[in-house]
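Written out below as structure tokens is the structure these notes cover.
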Amino acid sequence: MGNAQPILLVLAAGMGSRYGGLKQIDPVGPGGEVVLDYSVYDALRAGFGRVVFIIRRDIEEDFRQAFGRRLEARMDVGYAFQSLDDLPVNHDIPAGRTKPWGTAHAVWSAREQLDRPFIVINADDFYGPDPYRQAEAFLRSEKDLHEWLMVGYRLRRTLSDHGTVARGICRAGEDGYLQSVTEITSIARDGQGAVWTDDDGTRHNLTGNETVSMNFWGFTPSLLPPLEDALSVFLKAGGHEQKRECYLPMVVDDLIQGNHARVRLQTTEEAWMGVTYREDKPAVEQGIRERIDAGVYPPELWT
């Protein structure tokens, strides 16, 4: 830690499949920028020294054309490849498996490039500048190697006007460290608050002020050995199931519950933006325009 500029690690292996190809990703900025451009820009000016994209080999050329080449001239860019056959020793691909192994495996796929503290984000989520500043300050400070970070959001700032969403409700102790993340589905906006419906149809009110996880994590390389162990356990227990995945939050939660790591929960007042529904895109475009008008971003990021 200390003076090392942290790394921005971007989970982008699923981009092509989610959008039907990288060429189908709609721009949200006036200069043709997509959400990922703003994430990289925010990290770069917060003091991150390198970005590593986790992608699939079959989208490498399209990805470099769409994003990589315009960034490579401005910062240190690396690539890691998530592939089915990149597994811990003594594990093989089960017959018939074609689906990726999940976000925990994706991060582990970049292990050779993670030689200093790093954050993990989703490629298609807009987080705003503040979480990157918080994470850079946290990761540059001297602390225990097994002390990590989650930057959470106010629930009301993550909801869609066009349907329900799933969110992880965070609970922290008085010391500010994460104790649990409870996944709740079918959350809908309700005035200034929110409401969610459980499996038997019962409605539950939420204030909207709850802190939720939007998968913005800060780690040190000390994550990598227990991450590999967790992947091995996952593969032994359920690797033969064709669609089962190993998720990063589940691995972190297990480490917290086992007292093997501590995760500091910090909250941002930024508004998260994403295109959960097709109808969300105009709101994201408007949000970008408002931030440009307020001087948060230049009209064109990379000119």
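The values are calculated or read from the model by the stated rules, or taken from the named source; none is laboratory data. Nothing here was measured: the structure is a model prediction, and the numbers come from that model. No Cβ is skipped: glycine too gets one built from the backbone with ideal geometry, and neighbour counts run over all protein chains shown.
Can you tell me which residue is farthest from LEU224 (Cα to Cα) among those in the stretch 123-170 that are modelled with pLDDT of 95 or more and in a loop (DSSP other than H, G, I, E, B)?
Among those residues, the one meeting the criterion is GLY128.
How many residues does the stretch 158-193 hold that are within 17 Å of MET273 (Cα to Cα) and surrounded by 12 or more Cβ atoms within 10 Å (Cβ to Cβ)?
Residues in the stretch 158-193 being within 17 Å of MET273 (Cα to Cα) and surrounded by 12 or more Cβ atoms within 10 Å (Cβ to Cβ): 13 in total.
Please count how many residues of the stretch 80-122 are within 19 Å of MET214 (Cα to Cα) and either of a type in the set (A, V, I, L, M, F, W, C) or part of a loop (DSSP other than H, G, I, E, B) (or both). Spell out how you get there, then give the answer.
Start the filter on the stretch 80-122 by keeping residues that are within 19 Å of MET214 (Cα to Cα), which leaves 102-107, 118-122.
Next, only the ones that are either of a type in the set (A, V, I, L, M, F, W, C) or part of a loop (DSSP other than H, G, I, E, B) (or both) stay: 102, 104, 106-107, 118-121.
Number of matching residues: 8.
Just to be sure I understand, how many residues within the stretch 187-205 are part of a strand (DSSP E or B) and either more than 26 Å from the chain's Cα centre (by Cα) or modelled with pLDDT of 90 or more (or both)? Before the answer, list the steps.
Start the filter on the stretch 187-205 by keeping residues that are part of a strand (DSSP E or B), which leaves 187-190, 193-197, 203-205.
Pick out the ones that are also either more than 26 Å from the chain's Cα centre (by Cα) or modelled with pLDDT of 90 or more (or both) and you get 187-190, 193-196, 203-205.
So the count comes out to 11.
With the condition kept exactly as written, say whether any residue in the stretch 277-296 is modelled with pLDDT under 90, surrounded by fewer than 16 Cβ atoms within 10 Å (Cβ to Cβ) and part of a loop (DSSP other than H, G, I, E, B).
Yes: one or more hits.
Between a first residue in the stretch 33-48 that is under 21 Å from ARG116 (Cβ atoms) and a second residue that is modelled with pLDDT under 95 and among the acidic types (Asp, Glu), which pairs have beta carbons less than 8 Å apart while being 6 or more apart in sequence or on different chains?
Qualifying pairs under 8 Å: SER39/ASP125.
Restricting to the stretch 89-112, name every residue that is surrounded by fewer than 16 Cβ atoms within 10 Å (Cβ to Cβ) and either of a type outside the set (Val, Ile, Thr) or over 29 Å from VAL275 (Cα atoms) (or both). Write out each step before concluding.
Initially, the stretch 89-112 is screened for residues surrounded by fewer than 16 Cβ atoms within 10 Å (Cβ to Cβ), giving 89-96, 98-99, 112.
VAL89, ASN90, HIS91, ASP92, ILE93, PRO94, ALA95, GLY96, LYS99, GLU112, listed by residue number.
What are the pairs with Cβ atoms under 8 angstrom where one residue, in the stretch 69-97, is of a type in the set (Gly, Ala, Ser) and the other, located anywhere, is modelled with pLDDT under 85 and surrounded by fewer than 17 Cβ atoms within 10 Å (Cβ to Cβ)? Sequence gap at least six, or different chains.
GLY96/GLN242
Go through the stretch 219-259 and count every residue that is acidic (Asp, Glu), assigned to a helix (DSSP H, G or I) and either touching a Pro at 6+ places or on another chain (Cβ under 7 Å) or surrounded by fewer than 16 Cβ atoms within 10 Å (Cβ to Cβ) (or both).
First, the residues of the stretch 219-259 that are acidic (Asp, Glu): 228-229, 241, 245, 253-254.
Filter once more, so that each one left must be assigned to a helix (DSSP H, G or I): 228-229, 253-254.
Checking which are either touching a Pro at 6+ places or on another chain (Cβ under 7 Å) or surrounded by fewer than 16 Cβ atoms within 10 Å (Cβ to Cβ) (or both) leaves us with 228-229, 254.
Within the stretch 219-259, residues that are acidic (Asp, Glu), assigned to a helix (DSSP H, G or I) and either touching a Pro at 6+ places or on another chain (Cβ under 7 Å) or surrounded by fewer than 16 Cβ atoms within 10 Å (Cβ to Cβ) (or both) number 3.
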